[in-house]
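K.L.:
After the structure tokens below, expect a handful of questions from me.
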Amino acid sequence: DGTVIAKSGAQGLFVFGMRQQGIAVALKLADGGEASQPGIICSVLEKLHVGADLSERINQHFSADLYNDAGQLIGHRESSLRLKFH
């Protein structure tokens with residue numbers, strides 16, 4: 001909707017900015033993966049007390065549930081993060 005600017009990069013790097021709130025966030029995942037980015041982004045938004053509607057939209061499109069090839073639920077991703085402010 002034009003209020004969020006986002007860019008992913010190599011090796012688990014993801015940056016997003018929210019124009020109306022005047023914030024920008026850079027994430028670097030140590031394992032270099034991207035699968036857990038949506039959950040972490042939602043956790044960041046929650047901790048910053050912004051973007052509840054954006055977080056809801058992200059959760060609608062990216063499930064935290066993990067399924068095996070047989071379609072059986074085998075796990076769930078949860079975010080455990082610390083924020084560093086610069």
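K.L.:
Near the amide H of Leu13, under 5 Å away, which other amide H atoms are found, from residues 5 or more places off or on another chain, if H is placed in the peptide plane?
P.N.:
Correct list: Leu29.
K.L.:
Quick one: Karplus J couplings for the stretch 9-19, per residue in order, coefficients 6.51, -1.76, 1.60, θ = phi - 60°, nearest Hz, x for Gly and Pro?
P.N.:
x, 6, 6, x, 8, 8, 10, 9, x, 10, 4
K.L.:
A follow-up question, please. As an exercise, identify the trypsin sites (Lys or Arg not before Pro) in the stretch 36-86 lying in DSSP coil whose Cβ has no more than 10 other Cβ atoms within 10 Å.
P.N.:
Answer in residue order: Arg82, Lys84.
K.L.:
Using a Förster distance of 35 Å, how high is the FRET efficiency between Gln21 and Ile74, based on the Cβ-Cβ distance and rounded to 0.05? Don't jump to the answer; show the numbers that get you there.
P.N.:
Numbers: r = 36 Å, r/R0 = 1.04.
According to the calculation, E is roughly 0.45.
K.L.:
Against the empirical 2.2 N^0.38 Å scaling, what ratio does the C-alpha Rg of the chain come to? Don't jump to the answer; show the numbers that get you there.
P.N.:
Working: Rg = 13.7 Å, N = 86, 2.2 N^0.38 = 12.0 Å.
Expressed relative to 2.2 N^0.38 Å, the Cα Rg reads 1.15.
K.L.:
Please list, by residue number, everything in the stretch 40-56 whose backbone N is under 13 Å from a paramagnetic label point 7 Å out along Cα→Cβ of Thr3.
P.N.:
50-56, by backbone N distance to the label point.
K.L.:
Something else: Restrict the search to the stretch 7-86; then list the GluC sites (Glu not before Pro) that DSSP places in a loop and that have at most 12 other Cβ atoms within 10 Å of their Cβ.
P.N.:
On the way: sites: Glu34, Glu46, Glu56, Glu78; in loops: Glu34, Glu78.
Here the sparse-neighbourhood loop sites are Glu78.
K.L.:
Which of Ala30, Ala70, Ala52 moves most in a GNM of the chain, Cα contacts under 10 Å?
P.N.:
Looking only at Ala30, Ala70, Ala52, the largest GNM fluctuation is found for Ala70.
K.L.:
In whole Hz, with x marking every Gly and Pro, tabulate ³J(HN,Hα) for the stretch 57-73 from phi via Karplus 6.51 cos²θ - 1.76 cosθ + 1.60, θ = phi - 60°.
P.N.:
Ordered by residue, 3J(HN,Hα) equals 5, 4, 5, 5, 9, 10, 6, 8, 6, 10, 10, 8, 5, 8, x, 8, 5 Hz.
K.L.:
Of the heavy-atom accessible surface of the chain (probe 1.4 angstrom), what whole percent is carbon and sulfur? Walk me through the intermediate numbers first.
P.N.:
Working: 3290 of 6410 Å².
Heavy-atom surface of the chain belonging to carbon and sulfur, 1.4 Å probe: 51 percent.
K.L.:
A follow-up question, please. Convert each backbone phi in the stretch 43-51 into a coupling constant with the Karplus relation 6.51 cos²θ - 1.76 cosθ + 1.60 (shift: θ = phi - 60°), then list the ³J(HN,Hα) values in order as whole Hz, x for Gly and Pro.
P.N.:
Here the 3J(HN,Hα) series is 5, 4, 4, 5, 5, 8, 6, 9, x Hz.
The values are calculated or read from the model by the stated rules, or taken from the named source; none is laboratory data. Given the structure is predicted, the values throughout are model-derived calculations rather than measurements. Neighbour counts are summed over all protein chains in view; Cβ atoms, including those assigned to glycine, are modelled from backbone coordinates with ideal geometry. Side chains are part of the model used for accessible areas, which takes the heavy atoms of the whole protein and leaves out ligands, DNA and RNA. Shrake-Rupley method; radii C 1.70, N 1.55, O 1.52, S 1.80 Å.
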